[in-house]
Amino acid sequence: MTEHTRRPAGRTAGLPSARGAAVGRRIGIGLMRGLWRPRVLGAHRLPAEGAVILAVNHSHMIDGPMLMGTAPRPVHFLIKKEAYVGPLGTFLRAIGQVEVDRTTADRTAITRALGVLEHGGVLGIFPEGTRGDGDFAELRAGLAYFAVRSGAPIVPVAVLGSAERRSRLIPGLPALRSRVDLVFGEPFQAGDGSGRRTRAALDAATERIQKRLTAHLADARHTAGR
């Protein structure tokens, strides 16, 4: 199956719910725009249909929800299993997010993530693996694997401003009504066209990806004036 094939939306056995992700997007729109002032730049660069991988920098816990609520299409994020606790875990599963164990090769998560792409959906990945400086300085190989295996294009997304100002009321969150910029980049292919998934091929793809993401982040900061 190619990245251009689309299957019916909704819940397919064992796969994240497309309808749930659409509901999550609507919730995110209201919540993110109600609490902060997101500014979305370059959203037209996200293909209107077909499989896409969003590669997002990560410096604050609201980066994922912010993108869910501002992206033109519903997004299924790979989210660490530690977040799936109690009611939050139930909610994340209901809105079509993908639970992943970062300590091992999580075959279930890999299958579900590839399923999202096979069904023409949008998969969101924090390629740095965890929150940090958000500068794409160190990438994990998972992004390259999903991109090369599926053939889906990568769209880089820079989230800027989420970690700049702390809220006085809730120090763990950005200041209320502060501006957060989300800048979408041009889609690109990670592979060399051969389809090879050897270690050498994935290492080369990771290097290409890092160069593109780092360049996009610099362009995004210039565009957003940050």
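What the table below lists for this structure:
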{"item": "Candidate set from segment 185-200 (those that are small (Gly, Ala, Ser) and within 29 Å of residue 41 (Cα to Cα)); member that is modelled with the highest pLDDT", "result": "185"}
{"item": "Members of segment 197-211 found to be crowded, with 16+ Cβ neighbours inside 10 Å and among the charged types (D, E, K, R), listed by number", "result": "208"}
{"item": "Residue list for segment 158-196, filter: in a loop (DSSP other than H, G, I, E, B) and surrounded by 21 or more Cβ atoms within 10 Å (Cβ to Cβ)", "result": "161, 162, 185, 190"}
{"item": "Candidates 40, 23, filtered to the one that is of a type in the set (A, V, I, L, M), out of contact with any helix residue (DSSP H, G or I) (no Cβ under 9 Å at 6 or more places or on another chain), at pLDDT 95 or above and surrounded by fewer than 20 Cβ atoms within 10 Å (Cβ to Cβ)", "result": "40"}
{"item": "Selection within segment 38-93 - touching a residue at least 60 places away in the same chain (Cβ under 8 Å), under 16 Å from residue 125 (Cα atoms) and in a helix (DSSP H, G or I)", "result": "63, 64, 66, 67"}
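The values are calculated or read from the model by the stated rules, or taken from the named source; none is laboratory data. If you're wondering where the values come from, they're calculated on a predicted model, not measured in any experiment. Counting neighbours? That spans all protein chains shown, and the Cβs are built from the backbone with ideal geometry, glycine included.
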